[in-house]
């Protein structure tokens, strides 16, 4: 068609961003056909704002983006990368006390939302169930609000009690 431009917007998190994005990340592989014009590791085309957000340059295969900050896989698996950008993590209070995010240990995995650990307890990390996990559980003992429970609700019943302690005991590192 005359005067019509064919293009695609492709990114690891979004093709086109029309709203504000903050504190997000992606490690998606980004690959497209030859007709694409707006390609990025995080976002293909950014119309609004993207803050404190990152993409993995190694896994995405992209060195540029219309938003976000490109980092190596090692940097993406380092807690300080995110806490220095203001992300609220379990075990730190400088960026808030809601414990939105959690990482097992530097170099092990990307950040995950703290509630993701609730399905198997706060015990899913390859670092095993240790004294740190017991202290985390004790600090949330008898909590019954999402703001206080964090990742200590091992069985997902909305409270931290003896059932969660039993899950801790079953998964302890020997």
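Give me 160, 10 ranked fewest to most by other Cβ atoms within 10 Å of their Cβ, as a rough exposure proxy.
10, 160
Need the full-extension length gain, residue 138 to residue 74, defined as separation in residues times 0.36 nm minus the C-alpha distance. One decimal, nm. Could you put the intermediate results ahead of the total?
On the way: separation 64, 0.36 × 64 = 23.04 nm, distance 3.17 nm.
Extra length from residue 138 to residue 74 when fully extended: 19.9 nm.
So what's Rg/Rh here for the range 9-75, counting alpha carbon atoms and using the Kirkwood radius for Rh?
Working: Rg = 10.6 Å, Rh = 11.2 Å.
Result for the range 9-75 is an Rg/Rh of 0.94.
Normalised by the number of residues in the range 9-75, what is the relative contact order in percent for Cα pairs under 8 Å and 6+ residues apart? Display every interim value, and only then the final one.
Values: 179 pairs, mean separation 24.1, N = 67.
Normalised by residue count, the contact order of the range 9-75 is 36 percent.
Exposure proxy check: 140, 18, 102 ranked by fewest other beta carbons within 10 Å?
Numbers: 140 20, 18 10, 102 23.
Listing 140, 18, 102 from fewest to most nearby Cβ atoms yields 18, 140, 102.
Between residue 37 and residue 58, what length in nm is gained on full extension when 0.36 nm per residue of separation is reduced by their alpha carbon distance?
Values: separation 21, 0.36 × 21 = 7.56 nm, distance 2.06 nm.
Computed gain between residue 37 and residue 58 is 5.5 nm.
Evaluate E = 1/(1 + (r/R0)^6) for residue 162 and residue 131, where r is the Cβ-Cβ distance and R0 equals 25 Å; express this FRET efficiency to the nearest 0.05. Please list the in-between numbers first.
On the way: r = 19 Å, r/R0 = 0.77.
E between residue 162 and residue 131, to the nearest 0.05, is 0.85.
Rank the residues 63, 81 as a footprinting-exposure proxy: fewest other Cβ atoms within 10 Å of their Cβ go first.
On the way: 63 9, 81 20.
Placing the least packed residue first, the sequence is 63, 81.
Any read-out appearing in this document is the output of simple, stated calculations on the displayed coordinates, not a laboratory observation. Computed from a predicted structure; not experimentally measured. Here the Cβ is made from the backbone with ideal geometry for all residues, glycine too, and neighbour counts use every protein chain on show.
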